[in-house]
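A.B. asks: This is the structure I want to talk about, given as structure tokens.
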Amino acid sequence: MKRHYRNEDVLRHTKEAFAETIALKVQHLRRYVKKGTNPALTGSFIEELVRGFVQDWLGHRLLVHGTFYSSEFEKSGAGPLQIDGIVYDPTSGPMVIHEGSFAVVHPVFCTGVIEIKTSYSKNLWQLQERLQLIHARYMHHVAKCQIMEIVIVDPDPEGKSSITDEKGNSFCAYHYRSGDWCPIFVLFKEKDFEHEPFNVAIDAMIRAIYTNQWSGGHYL
């Protein structure tokens with residue numbers, strides 16, 4: 001009888017390790033930054049932790065910050081957007097400018113955008129508008145679901161992730177297979193400076209990072 005893993009949650013242990021690592025390393029930080037004394041500093045630390053995981057999951061691709069540049073953009077007269085999570089594929093083509101983790105790069109050499117924020121107090125529709133702008137201005141050669149946002153903590157990640165469109169239809173912000181939606185993942189519920197994982201969004205984030213990284217074509 002042929003054996004397979006189709007009935008198993010193959011991401012279970014990865015999700016557990018991700019959440020447990022965040023919790024463990026935050027406890028380590030609290031040896032030096034006491035609980036509740038500087039939430040912004042703690043948030044910056046967690047953001048760096050999440051960024052490290054995302055970079056590992058991207059494989060050979062690089063998560064850099066900076067902006068995109070192309071002849072099309074140059075002719076548009078639009079102002080450049082600062083983007084904190086450009087997913088650059090060094091096997092596709094060269095950067096225009098590269099200093100440390102800062103880059104100016106043509107969009108066709110990138111497979112998407114994954115921006116990471118510690119928190120976001122406003123409605124996610126406003127965040128969606130920015131992602132849609134990035135797609136329209138630079139990354140229109142790939143699917144919108146390749147333009148993503150990670151929000152690390154929120155008091156109510158489940159509630160915040162529930163989106164209602166102008167027609168009254170409800171769906172989840174972490175939905176990552178829609179042709180018209182840029183996925184947004186709210187990862188942890190923050191209460192009393194502790195972080196409870198919102199597992200369905202963590203699951204969707206990992207799947208999106210691995211499945212939504214296709215190229216818009218070869219240009220060299």
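A.B. asks: Any idea which of 42, 67 is at pLDDT below 95, polar (S, T, N, Q) and surrounded by 15 or more Cβ atoms within 10 Å (Cβ to Cβ)? Let's see the steps before the verdict.
C.D. replies: On the way: 67 fails: at pLDDT below 95.
Within the list 42, 67, the selection yields 42.
A.B. asks: May I pose another question? Quick check on the stretch 73-100: of everything there that is among the acidic types (Asp, Glu) and either modelled with pLDDT under 95 or assigned to a strand (DSSP E or B) (or both), which residue is farthest from residue 140 (Cα to Cα)?
C.D. replies: First, the residues of the stretch 73-100 that are among the acidic types (Asp, Glu): 74, 84, 89, 99.
Narrowing further to those that are either modelled with pLDDT under 95 or assigned to a strand (DSSP E or B) (or both): 84, 99.
Values: 84: 18, 99: 26 Å.
Top of the filtered list is 99.
A.B. asks: Free of Cβ contacts under 8 Å to residues at least 24 places away in the same chain and of a type in the set (Lys, Arg): which single residue out of 167, 191 fits that description?
C.D. replies: Numbers: 191 fails: free of Cβ contacts under 8 Å to residues at least 24 places away in the same chain.
Result of the check over 167, 191: 167.
A.B. asks: I would also like to ask the following. Working only within the stretch 136-166, note down all residues that are under 23 Å from residue 198 (Cα atoms) and of a type in the set (Ser, Thr, Tyr). It would help to see each step written out before you state the result.
C.D. replies: Taking the stretch 136-166 and keeping what is under 23 Å from residue 198 (Cα atoms), we get 145-165.
The answer is 161, 162, 164.
A.B. asks: Hey, which of the strands (runs of 3 or more DSSP E) in the stretch 162-220, taking only ones fully inside, have at least 3 residues that are surrounded by 12 or more Cβ atoms within 10 Å (Cβ to Cβ) and in contact with a Leu (Cβ under 6 Å, 6 or more places away or on another chain)? If you could, list the steps in order and put the result at the bottom.
C.D. replies: On the way: elements: 162-164, 170-172, 184-191, 194-197.
No strands (runs of 3 or more DSSP E) qualify here.
A.B. asks: Being without any contact (Cβ under 8 Å) to a residue 60 or more places away in the chain, surrounded by 12 or more Cβ atoms within 10 Å (Cβ to Cβ) and closer than 24 Å to residue 154 by Cβ narrows it down to one of 33, 50, 26, so name that one.
C.D. replies: Details: 50 fails: without any contact (Cβ under 8 Å) to a residue 60 or more places away in the chain; 26 fails: without any contact (Cβ under 8 Å) to a residue 60 or more places away in the chain.
Within the list 33, 50, 26, the selection yields 33.
A.B. asks: Inside the stretch 53-72, can you point out the residues that are without any contact (Cβ under 8 Å) to a residue 40 or more places away in the chain and part of a helix (DSSP H, G or I)?
C.D. replies: 53, 55, 56, 71, 72 - these are the residues of the stretch 53-72 that are without any contact (Cβ under 8 Å) to a residue 40 or more places away in the chain and part of a helix (DSSP H, G or I).
The values are calculated or read from the model by the stated rules, or taken from the named source; none is laboratory data. What you are looking at is a predicted structure, and each value in this text was computed from that prediction instead of being measured. Here the Cβ is made from the backbone with ideal geometry for all residues, glycine too, and neighbour counts use every protein chain on show.
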